[in-house]
Ligand SMILES: Cc1cc2nc3c(=O)[nH]c(=O)nc-3n(C[C@H](O)[C@H](O)[C@H](O)COP(=O)(O)OP(=O)(O)OC[C@H]3O[C@@H](n4cnc5c(N)ncnc54)[C@H](O)[C@@H]3O)c2cc1C
């Protein structure tokens with residue numbers, strides 16, 4: 001692929017001006033999130049399962065219990081659709097019809113393959129961990145051989161993808177701008193709260209790590 005131009009499957013039909021197929025835009029959205037929804041079909045029934053991810057280069061990594069149906073199904077090389085959504089605001093128009101949302105989203109199509117080998121799996125898990133809380137991996141105990149065995153890791157090549165972005169105020173019918181209705185945008189953002197220490201935290205570990213403070217500052 002296929003960056004900068006859609007394929008027949010990733011071409012956005014509705015409001016195509018909001019579409020963007022550049023690597024820069026797609027990776028910018030992927031790197032600002034860590035939660036995706038994975039769509040796949042089992043025996044004719046579609047499922048869309050939320051899960052975490054990490055990106056390194058042109059690869060998206062998913063992980064989970066080796067017993068997970070999602071991971072077992074994906075490892076079989078089935079067609080999947082992975083979606084990432086960042087919700088930036090609720091767009092309140094003067095008419096019910098023109099209400100909308102401000103967002104940045106990515107849709108990726110493809111087939112994932114299992115990551116094999118302890119070193120390769122560990123590196124992919126580091127990528128996922130760093131995507132969620134940068135700096136955490138360095139501090140924690142790394143997965144044991146047994147834990148790696150219990151964990152399935154999958155790699156999806158980011159090869160067929162689209163981004164769609166809406167920004168800005170509502171767009172109303174010209175005659176509606178005179179209506180006596182408040183209109184505008186209610187901004188939304190995912191925010192961290194203050195870290196809550198584990199009740200069993202050893203007092204010698206009481207100081208909140210700098211990387212968590214950094215993560216909090218980034219989101220405020
Ligand atoms: C937070 C949020 C709220 C939304 N609310 C609504 C709503 O209430 N009603 C509504 O109709 N639409 C909504 N959308 C837009 C919706 O995601 C689709 O873009 C829309 O349904 C039009 O799809 P289509 O027929 O053009 O594309 P389809 O024919 O369904 O899709 C063709 C291809 O376009 C690409 N594509 C489509 N949508 C997106 C997307 N959002 N991001 C990245 N790639 C995409 C995919 O590659 C897909 O394979 C919302 C989107 C977001 C992120």
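Side notes on the structure shown:
- Most fluctuating residue given options 101, 70, 190, as computed from a GNM of the chain linking Cα atoms under 10 Å: 190
- Subtracting the Cα-Cα distance of residue 67 and residue 37 from 0.36 nm times their residue separation leaves 8.9 nm of extension gain.
- Among 114, 134, 16: highest mean-square fluctuation, GNM of the chain, C-alpha pairs under 10 Å: 16
- Shape of the range 68-220, Cα gyration tensor, a/c cut at 1.5: oblate
- Rounded if a/c under 1.5, otherwise prolate or oblate - the range 133-220, Cα gyration tensor axes: oblate
- GNM result for the chain, Cα springs below 10 Å: residue of 63, 37, 99 fluctuating most strongly: 99
- Counting only alpha carbon atoms, the long axis of helix 118-132 and the longest principal axis of the chain meet at about 40°.
- Cα-based shape type of the range 1-156, given that a ≥ b ≥ c are square roots of the gyration tensor eigenvalues and the cut on a/c is 1.5: prolate
- On Cα atoms only, tilt of 210-219 relative to the major axis of the chain in degrees: 10 degrees
We did not get these values from a lab; they are worked out from the coordinates using the rules stated. The structure displayed is predicted, hence computed values, not measured ones.
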